[in-house]
1. In what sequence, highest mean first, do 37-46, 23-32 appear when ranked by Cβ atoms within 10 angstrom?
2. Measure nothing fancy, just the Cα-based angle from helix 36-48's long axis to the longest principal axis of the chain, in degrees from 0 to 90, nearest 10.
3. Using only helices, what value at 222 nm comes out for the chain when you add -39,500 (n - 2.57) per DSSP H run of length 4 or more and divide by the total residues, to the nearest 500 deg cm²/dmol?
4. With bins 5 Å wide starting at 0, give me the P(r) of the chain over every alpha carbon pair, in whole percents.
5. Restricting to the chain, compute how many DSSP beta bridges are antiparallel as a %, nearest 5.
6. In the neighborhood of residue 13, defined by Cβ-to-Cβ distances under 14 Å, what is the net charge if each Lys or Arg adds +1 and each Asp or Glu adds -1?
7. Before anything else, pin down the relative contact order of the chain: Cα pairs under 8 Å, at least 6 apart, normalised by residue count, whole percent.
8. Compute the angle between helix 13-24 and the longest alpha-carbon principal axis of the chain, please, reported from 0 to 90 degrees and rounded to the nearest 10.
Amino acid sequence: MNKINTCGMSCPQPVLMTKKALEQSPKGADIIVDNNTAKENVQRFLKHSGYSISVKEEGDIFILEARK
């Protein structure tokens with residue numbers, strides 16, 4: 001499973017990195033984001049792409065687990 005760390009990046013970069021990672025590993029990925037806007041945008045992209053998502057909050061970061 002791919003792990004994608006997008007901390008410090010502003011949109012649309014987290015979404016683009018997630019899309020690229022899922023093209024290489026379509027079964028899923030763990031995406032690490034550090035702001036609410038990126039979390040919402042990546043979640044929206046994943047839902048539209050047919051992934052189930054669980055979100056874990058660890059301090060100031062969010063880990064989005066996307067699975068098909």
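Every number here is computed from the coordinates shown, using simple stated rules; none is lab data. Keep in mind that what you see is a predicted model, and the values were worked out from it rather than measured. Positions of Cβ are generated from backbone atoms using ideal geometry, with glycine treated the same way; all protein chains shown enter the neighbour counts.
1. Details: 37-46: 18.6, 23-32: 15.1.
Packing proxy ranking, top to bottom: 37-46, 23-32.
2. With rounding to tens, the tilt is 10 degrees.
3. Values: 2 runs with 25 residues, N = 68.
That comes out to -11500 deg cm²/dmol.
4. Per 5 Å bin, starting at 0, the Cα pair percentages come out as 4, 21, 36, 27, 12, 2.
5. Working: 13 of 17 bridges.
If we restrict to bridges inside the chain, about 75 percent are antiparallel.
6. Working: positive: 19, 20, 39; negative: 34.
Net of charged neighbours comes to +2.
7. Details: 120 pairs, mean separation 23.1, N = 68.
Here the relative contact order equals 34 percent.
8. Once rounded, one gets 30 degrees.
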